[in-house]
Amino acid sequence: MNFMEIATTRQSCRSYDPCRVVEKEKIEAVLEAARLSPSACNGQPYHFTVCRGDEAKAVAALTTGLGMNKFAAQAPVLIVISEKPYVKSAAMGAKAKNNDYRSMDIGIAVAYLTAEAAAQGLGTCILGWFDDEKIRGICGLDQPVRLVVTLGYPGQGDKLREKKRKDLEELVTWL
Ligand SMILES: Cc1cc2nc3c(=O)[nH]c(=O)nc-3n(C[C@H](O)[C@H](O)[C@H](O)COP(=O)(O)O)c2cc1C
């Protein structure tokens with residue numbers, strides 16, 4: 001798959017095959033893609049906690065507040081992405097330029113991770129709705145959880161959707 005094929009076919013997967021186990025090598029491949037992503041000052045201010053089995057179920061339950069993300073319970077793997085402290089130079093840059101590089105770094109890493117998952121034939125959904133404190137407790141983390149990604153083989157309900165996006169005219173100014 002070339003990059004544009006991945007970009008057009010990767011979609012938020014909200015239907016998983018709960019019986020199909022994701023091979024460890026495939027989980028390692030998506031984590032490796034995230035590891036190779038760029039970050040401010042190459043600081044990689046994040047940590048990935050791979051949850052399977054009972055831990056996956058427990059984390060999934062903590063993403064379903066107010067009726068959200070019910071599909072997460074089907075996903076055999078949940079990857080919890082938490083923050084790590086900035087490296088010194090990135091901390092200085094973030095302060096001097098009043099910019100949140102860490103969230104950007106996490107977003108880029110998760111973009112790589114989900115793209116590689118698509119290339120591996122796996123479905124993912126990035127979740128920003130979850131109970132940070134309780135997930136930290138399950139995963140033994142002392143830093144905030146910023147995103148959770150569901151991962152698994154897509155179920156029957158996951159049909160390829162046409163992308164709905166703003167037009168380039170709205171998104172881009174050429175000078
Ligand atoms: C930071 C972030 C948080 C998100 N949180 C959720 C979420 O909690 N639940 C959900 O179903 N989708 C969530 N999404 C998925 C978006 O809704 C989805 O990416 C967007 O609608 C575009 O659709 P696509 O991913 O299928 O192309 C999130 C995506 C991002 C990038």
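What number of residues within segment 134-175 are surrounded by fewer than 11 Cβ atoms within 10 Å (Cβ to Cβ) and either charged (D, E, K, R) or more than 28 Å from R102 (Cβ to Cβ) (or both)?
Of segment 134-175, the ones surrounded by fewer than 11 Cβ atoms within 10 Å (Cβ to Cβ) are 140, 142, 156, 159-175.
Those left that are additionally either charged (D, E, K, R) or more than 28 Å from R102 (Cβ to Cβ) (or both): 142, 156, 159-170, 174-175.
Adding up the residues that qualify gives 16.
If you check K84 against the conditions, is it exposed (fewer than 13 other Cβ atoms within 10 Å of the Cβ), at pLDDT 95 or above and of a type in the set (D, E, K, R)? Reasoning before the result, please.
Working: exposed (fewer than 13 other Cβ atoms within 10 Å of the Cβ): no; at pLDDT 95 or above: yes; of a type in the set (D, E, K, R): yes.
Judged against the criteria, K84 is not a match.
What about L175, is it in a loop (DSSP other than H, G, I, E, B) and either within 14 Å of the ligand (Cβ to nearest atom) or in contact (Cβ under 8 Å) with a residue 60 or more places away in the chain (or both)? Full working, then the answer.
Numbers: in a loop (DSSP other than H, G, I, E, B): yes; either within 14 Å of the ligand (Cβ to nearest atom) or in contact (Cβ under 8 Å) with a residue 60 or more places away in the chain (or both): no.
For L175, the condition - in a loop (DSSP other than H, G, I, E, B) and either within 14 Å of the ligand (Cβ to nearest atom) or in contact (Cβ under 8 Å) with a residue 60 or more places away in the chain (or both) - is not met.
Per-residue answers, yes or no, for (1) buried (at least 17 other Cβ atoms within 10 Å of the Cβ); (2) at pLDDT 95 or above; (3) not hydrophobic (A, V, I, L, M, F, W, C):
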site	(1), (2), (3)
N2	no, yes, yes
V22	yes, yes, no
A40	yes, yes, no
G43	yes, yes, yes
K70	no, yes, yes
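Can you tell me which residues in segment 98-109 are within 11 Å of the ligand (Cβ to nearest atom) and either crowded, with 22+ Cβ neighbours inside 10 Å or at pLDDT below 95 (or both)?
Let us first name the residues in segment 98-109 that are within 11 Å of the ligand (Cβ to nearest atom), namely 103, 106-107.
Result: I106, single match.
Filter segment 119-172 for residues that are in a strand (DSSP E or B) and of a type outside the set (S, T, Y) and give the result. Before the answer, list the steps.
Taking segment 119-172 and keeping what is in a strand (DSSP E or B), we get 123-127, 145-152, 154.
Scanning segment 119-172 gives G123, C125, I126, L127, V145, R146, L147, V148, V149, L151, G152, P154.
The values are calculated or read from the model by the stated rules, or taken from the named source; none is laboratory data. Everything numeric in this text was worked out from a predicted model, so none of it was measured. Note: ideal-geometry Cβ built from the backbone for every residue, glycine included; neighbour counts use all protein chains shown.
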